[in-house]
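Just so it is clear, none of the values below were taken in a lab; they were calculated from the coordinates. These numbers were taken from a predicted model, which means no experiment stands behind them. Reconstructed Cβ throughout: ideal geometry from the backbone, glycine too, with neighbour counts over all protein chains shown.
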Amino acid sequence: MSKASVIIIGAGPAGLTAAYQLIKLGHPVTLIESTNQVGGMSRSLDMFGQIVDCGPHRFFTSDKIVNDFFHEIVGDNFTVVNRLTRIYYRNKFFDYPLKIGNVIGNISIFELTHILFSYFWIRIFPNKSVKTFKDWVTNKFGEKLFGMFFKSYTEKLWGISCNQIDADWASQRIKKLSLWEALISSIKGNKNNKHKTLVDVFAYPHKGTGSIYNEIAQRFENLGGKIIFEQKIETFIKQDSKITEIITQKGESYKADWIVSTMPMTSLIKGLSNVPQEVLDYTQKLYFRNTTLVYLEINNNELFPDNWIYVHSPEVTHGRITNFRNWCPTLTNGKNTSILCLEFWSFDSDSLWQKSDEYLSELAHKELLTLKLISENDRVLNSKVIKIPKCYPVYETGYMENLNPIIDYLNTVSNLKLIGRYGSFKYNNQDHSILMGLLLAKEIHTGVDQKLWDINTDSDYQESTEFNLSGYS
């Protein structure tokens, strides 16, 4: 008995995982990718004689299914990296996650008093109507800590006020952070270093995060799967409740029993035939944020020890810096220089998105000097700019009122499934997208609903989970 054929659009973590699982189960699978490389935002690049990722992509999970899949693909080809991530704010470094002792050492008694007063005040008189990111964070940490460690970075990332960002964003991303637990952790410490957690360390492939997806793609093709590169889907032909054909911008036609999409949900809706006008109207109210990555090769191999830094300082435009020299020794290929990646976020209409590579490289260099993360003696040997559109689905207040009618409509298309960050309009990490791919394959193969829309609706990172060389326990 022949098994259902599948077309998967997008070769990022979700699409590749689903394709590989389905081909192993005997399904004919065609994977269509708009670029010339697999991995999506999690791809790795050869740059200036070294290996880099598209920003920091730490793989971590407490989900056994995802963890087992990681080890199936990566095997022993990874390094355990000692994690150091800090917040740069007002010319000082603050540990992230926050450690009370470190915070006290960096602020005045007046500020500490203000932090404690605002924290206990909100615990006694909490906001009973929590709708926005600011509401949620202020309720949990107080007004002062919100202003110091959440407001500036968040507004850089999203380009809108924290009063316009839905509380869902906070509940999904910082649910586990606790001021009380940070205080206990600062007192107890980890003196004997017996139990490493995901806060302390993470597993990282020797050849970059993208090597995970290169390996999956190779295995997929070895099993007979087909990857078609540099093809963008333009039209989805729908008859009754099924997609009968998809057509690319090059005019090529493809058909299958199932269509799986990881492309931006809003783009898919616009390309789908016979969509009611009210559904199209809802898509106009959902939007994404773009990322510009500026890579600078610096003639110094001892700049700062962090894997990455969250830049909360309002005097600079960028929001995060990755130092790839501090991730895995195999990335440098023996070179004695450091590659830094600065992240700038913008909308299509922002002037920053339109700036030239030369302008952006000079801006990145200037801002590093402003923060004193490099000195005047540190020379920029090479630079490269990569612009990635539609990186982050914007959780504007009330966004679910626009998203739910779209989901309801898409659920009426019986042979269409949406997964991944773009496809599901969710801020997924790699583990979320891989889980979507794994469960999607199971759903198509068995016919049993895996509740894909529920993945990453109430995220719990469980970074206190203990780490060991065979995985996470």
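Suppose every Lys and Arg Cβ carries +1 and every Asp and Glu Cβ carries -1, with no other charges. What dipole size does the range 8-110 come out with about its Cα centre, to the nearest 20 debye?
Details: 9 positive and 8 negative charges, 112 e Å.
That gives the range 8-110 a dipole magnitude of about 540 debye.
Put a dot 7 Å past each Cα toward the Cβ at N382 and S414; how far apart are the dots in nm?
For S414 paired with N382, the spin-label model returns 5.4 nm.
Relative to the compact-globule scaling 2.2 N^0.38 Å, provide the ratio for the alpha-carbon radius of gyration of the range 278-416. Spell out each step's value before the answer.
Details: Rg = 19.4 Å, N = 139, 2.2 N^0.38 = 14.3 Å.
Computed over Cα atoms of the range 278-416, the ratio equals 1.36.
Hey, if you put +1 on the Cβ of every Lys and Arg and -1 on every Asp and Glu Cβ in the chain, which of S273, L31, H71 ends up farthest toward the positive end of that dipole?
My answer, from the dipole projection, is H71.
So how do 201-208, 60-67, 445-452, 365-372 stack up, highest first, on mean other-Cβ count within 10 Å? Walk me through the numbers on the way to the answer.
On the way: 201-208: 20.9, 60-67: 18.4, 445-452: 12.1, 365-372: 15.4.
Top to bottom by mean Cβ count within 10 Å: 201-208, 60-67, 365-372, 445-452.
Taking a 28 Å limit on the Cα-Cα distance, which of the listed pairs K24/K64; K134/K270; K207/K250 fall beyond it?
K134/K270; K207/K250
Can you list residues from other chains, or at least 5 along the same chain, whose modelled amide H is less than 5 Å from the amide H of S261?
I9, K417, L418, I419
Students often forget the sequence filter, so: which lysines lie under 29 Å Cα-Cα from K140 once same-chain residues fewer than 8 apart are removed?
K92, K99, K128, K131, K151, K156, K175, K176, K188, K191, K196, K426
Would you grab the residues whose amide H sits under 5 Å from the one on F78? Only those 5+ places off in sequence or on another chain, please, with H modelled 1.01 Å from N.
H206
So what's the range 21-83 giving for Cα Rg divided by 2.2 N^0.38 Å, two decimals? If you can, show how the numbers build up before the last one.
Values: Rg = 14.8 Å, N = 63, 2.2 N^0.38 = 10.6 Å.
For the range 21-83, the normalised Cα radius of gyration is 1.40.
Report D for the chain in µm² per second (integer): Stokes-Einstein, Kirkwood Rh on Cα pairs, 37 °C, 0.692 mPa s.
Details: Rh = 23.7 Å.
Using the Kirkwood radius from Cα pairs, D works out to 139 µm²/s.
On C-alpha positions alone, give me the angle between the axis of helix 13-24 and the longest principal axis of the chain, in degrees, nearest 10.
So the helix axis and the longest Cα principal axis differ by about 40 degrees.
Per residue of the chain, what 222 nm ellipticity follows from adding -39500 (n - 2.57) for every DSSP H run with n ≥ 4, rounded to the nearest 500?
On the way: 17 runs with 166 residues, N = 473.
Value at 222 nm, helices only, nearest 500: -10000 deg cm²/dmol.
Considering the dipole of the chain built from charges on the beta carbon (Lys and Arg +1, Asp and Glu -1) around the Cα centre, which of M47, L340, I247 is farthest to its positive end?
Value: L340.
Using +1 on the beta carbon of Lys and Arg, -1 on that of Asp and Glu, and nothing else charged, what's the dipole of the chain about the Cα centre, debye to 20?
Numbers: 51 positive and 50 negative charges, 158 e Å.
Here the chain has a charge dipole of around 760 debye.
How large is the Rg to Rh ratio of the range 6-150 when both quantities use alpha carbon positions and Rh follows Kirkwood?
Numbers: Rg = 22.4 Å, Rh = 19.8 Å.
Taking Rh as the inverse mean 1/r over Cα pairs, Rg/Rh reads 1.13.
Angle, helix 210-222 long axis vs. longest principal axis of the chain, Cα atoms, 0 to 90°, nearest 10?
20
Describe numerically, in nm with one decimal, the distance between label points set 7 Å from Cα along Cα→Cβ at F229 and at S171.
Each label point is offset 7 Å from its Cα along the Cβ direction, giving 4.3 nm.
Provide the per-residue ³J(HN,Hα) series for the range 358-370, in order, calculated from phi with Karplus coefficients 6.51, -1.76, 1.60 and θ = phi - 60°, each as a whole number of Hz, with x at glycine and proline positions.
For the range 358-370, the Karplus-derived couplings read 4, 4, 5, 5, 5, 4, 4, 4, 4, 6, 5, 5, 4 Hz, x marking Gly and Pro.
Distance from the Cα centre of the range 232-295 to that of the range 22-73, in angstrom?
A separation of 22 Å, based on Cα centres.
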